[in-house]
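The values are calculated or read from the model by the stated rules, or taken from the named source; none is laboratory data. These numbers come from a predicted model, not from an experiment. When we count neighbours, we look across all protein chains shown, and the Cβ atoms used for this are built from the backbone with ideal geometry, even at glycine. Ligands, DNA and RNA are stripped out before the accessible areas are found, and what is left, the full protein with its side chains, is counted by its heavy atoms. Shrake-Rupley method; radii C 1.70, N 1.55, O 1.52, S 1.80 Å.
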Amino acid sequence: MGGRPSSPLDKQQRQHLRGQVDTLLRNFLPCYRGQLAASVLRQISRELGPQEPAGSQLLRSKKLPRVREHRGPLTQLRGHPPRWQPIFCVLRGDGRLEWFSHKEEYENGGHCLGSTALTGYTLLTSQREYLRLLDALCPESLGDHTQEEPDSLLEVPVSFPLFLQHPFRRHLCFSAATREAQHAWRLALQGGIRLQGTVLQRSQAPAARAFLDAVRLYRQHQGHFGDDDVTLGSDAEVLTAVLMREQLPALRAQTLPGLRGAGRARAWAWTELLDAVHAAVLAGASAGLCAFQPEKDELLASLEKTIRPDVDQLLRQRARVAGRLRTDIRGPLESCLRREVDPQLPRVVQTLLRTVEASLEAVRTLLAQGMDRLSHRLRQSPSGTRLRREVYSFGEMPWDLALMQTCYCEAERSRGRLGQLAAPFGFLGMQSLVFGAQDLAQQLMADAVATFLQLADQCLTTALNCDQAAQRLERVRGRVLKELPEFEGDVLAMGSQALTTEGIYEDVIRGCLLQRIDQELKKTLGANDVSCTLDGCLEVPWEQEGADEETEAEREGGACPRQPDSGAQIQPLCPPPSQGTFRS
């Protein structure tokens, strides 16, 4: 494991990477600016528009998901040549993992030996599985690891390993002293990886939604129409992942042959080189986005001032354009949907629903058990101190990693089923979907717990005896559980674009797809006798009555469907009209 890159990044290589980052930002930021306008319009229209009937009466929890801090002694494989060395490891509340030479160094505020954000990592606790992954990094020298030094440290069995693997970063190899310590670290690290990865997806800020839409459109312009996990992480981390994916084939071809070492030592050296490239790209992307921040803040403030007074006119104008486009492509699009979408839709819907339903059923079971414990404690012992402890524990359920692991594991088990969508649809975003289902389970649990505690607080008084109080808690329990199934449709909620031809056109296509999905979901959920409120989740936003009532003379250029390629890469159903912006 002593192999290292033949040379670090030199000045020319760093300049080349800066140029690549500058090119990315130069092409991406105009798309981001346009999506900021779309996102602000969407937010204002929702604020001012008629409120739809709520799909759930659960209160929204005021507590935000957070990384649970964790700390303790581990051993780490580090140094050149690598050796297992004792460290003191700390997982911060911001999702950053740090390690120190010893506990006292941490407690005295000393400098850490190293640190990393957990975004994009995958945790492995099987040494055999990790070695297979390491071998796959340099398959051309797969048999060469027999030539390595006989005491190659990863060949020595590790009892309780914690391997953190990243597609573009140096691997981190830790080991715990006991199985219990390994389990606690596994829960903490997995929670940190998930919450660091979905920070943009969970944000309600217009800028976050605009950024994700801009990344998708940018990649489509680059010819990438599939779906993968590139949007996990912060804005700078996402742009870094986008560029690293673009550059990886050339980087592998140019540098991998020059790496010293063989077999796994060579693979280890490859991850160290990738880590240096990733760090340089991340620094450039962070600097570029920081430089853009003042302009973004000014643009958001300006958009708020200009859009809000004219929002009704903008929405009517958008609806008219959408109506014309819908009429123009209705025939070809319907034919394309019948040919390409309808035969596949039942399979996709069933796969995605199973991913969510199992997690939500685990939430229901766990929530019911928690409420039952409270009622039992109230009947068994009216001690105020003990009851307060039970109430506190109940309120912490959504953030208890060990308790919620039951729900998270249900989503994780669906990874194999989701992987079956890769070949026919080019879908590679399994991690994003698993994380999304886990985030949904945590949010639903948090909302249900908050609702139960508030209703219980309203109905319980000091005048009630224990049996009366327990009976009222039973009624609250039934009311909260009744609301849970109605939440399932929300997982398919989708956004839309605003006043550009491309954006409106995409919404028209998406609206037709959502109608198909809506029909299939209702059919599937009805057959399973599952209550599910889909209103407001699968409809096309922005639509207004009368939008389709356009004359033939008002219609603009039409479009025709494009036959998707036979390969795994997804192609657009219809090519959009030429880019343009509609102004009032």
Exercise. From Tyr392, Tyr408, grab the single residue that is in contact (Cβ under 8 Å) with a residue 24 or more places away in the chain and not assigned by the TED database to the domain that holds Leu189.
Key: Tyr408
Quiz item: If you go through the range 243-259 one residue at a time, how many are touching a helix residue (DSSP H, G or I) at 6+ places or on another chain (Cβ under 7 Å) and in contact (Cβ under 8 Å) with a residue 40 or more places away in the chain?
Solution: 6
Quiz item: Among Ala362, Ala358, Ala319, which is part of a helix (DSSP H, G or I) and not assigned by the TED database to the domain that holds Cys466?
Solution: Ala319
Quiz item: What single numbered condition from (1) in contact with a Ser or Thr (Cβ under 7 Å, 6 or more places away or on another chain); (2) open to solvent by less than 30 Å² (accessible area, probe 1.4 Å) fails to hold for Gly426?
Solution: (1)
Quiz item: With respect to Gln196, is the statement that it is in contact with a strand residue (DSSP E or B) (Cβ under 9 Å, 6 or more places away or on another chain), closer than 28 Å to Pro81 by Cα and not in a loop (DSSP other than H, G, I, E, B) true?
Solution: no
Exercise. Considering (1) surrounded by fewer than 13 Cβ atoms within 10 Å (Cβ to Cβ); (2) assigned to a loop (DSSP other than H, G, I, E, B); (3) modelled with pLDDT of 85 or more; (4) not charged (D, E, K, R), say which one Pro30 fails and leave the rest.
Key: (2)
Exercise. Examine the range 55-67 for a residue that is at pLDDT 90 or above, surrounded by 12 or more Cβ atoms within 10 Å (Cβ to Cβ) and within 25 Å of the chain's Cα centre (by Cα), and state whether such a residue exists.
Key: no
Quiz prompt | The lone exception for Leu367 - which of (1) surrounded by fewer than 14 Cβ atoms within 10 Å (Cβ to Cβ); (2) part of a helix (DSSP H, G or I) it fails | solution = (1)
Practice problem: Looking only at the range 92-115, count how many residues are surrounded by 18 or more Cβ atoms within 10 Å (Cβ to Cβ) and in contact with a Lys or Arg (Cβ under 7 Å, 6 or more places away or on another chain). | Solution: 1
Practice problem: Please state which one of Gln220, Gln182 is surrounded by fewer than 21 Cβ atoms within 10 Å (Cβ to Cβ), under 19 Å from Pro73 (Cα atoms) and either assigned by the TED database to the domain that holds Tyr32 or in contact (Cβ under 8 Å) with a residue 24 or more places away in the chain (or both). | Solution: Gln182
Exercise. Mind listing whichever residues of the range 316-360 are surrounded by fewer than 17 Cβ atoms within 10 Å (Cβ to Cβ) and closer than 15 Å to Tyr408 by Cα?
Key: Arg354
Practice problem: Look at Arg209 and say whether it is open to solvent by 20 Å² or more (accessible area, probe 1.4 Å), in a helix (DSSP H, G or I), of a type outside the set (S, T, N, Q) and not assigned by the TED database to the domain that holds Trp99. | Solution: yes
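Let's see how each residue does on (1) of a type outside the set (A, V, I, L, M); (2) not in a loop (DSSP other than H, G, I, E, B):
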| site | (1), (2) |
| --- | --- |
| Leu59 | no, no |
| Lys63 | yes, no |
| Val67 | no, no |
| Leu74 | no, yes |
| Ile87 | no, yes |
Quiz prompt | Residue check, Phe225 modelled with pLDDT of 95 or more and either outside any helix (DSSP H, G or I) or within 30 Å of Pro294 (Cβ to Cβ) (or both) | solution = no
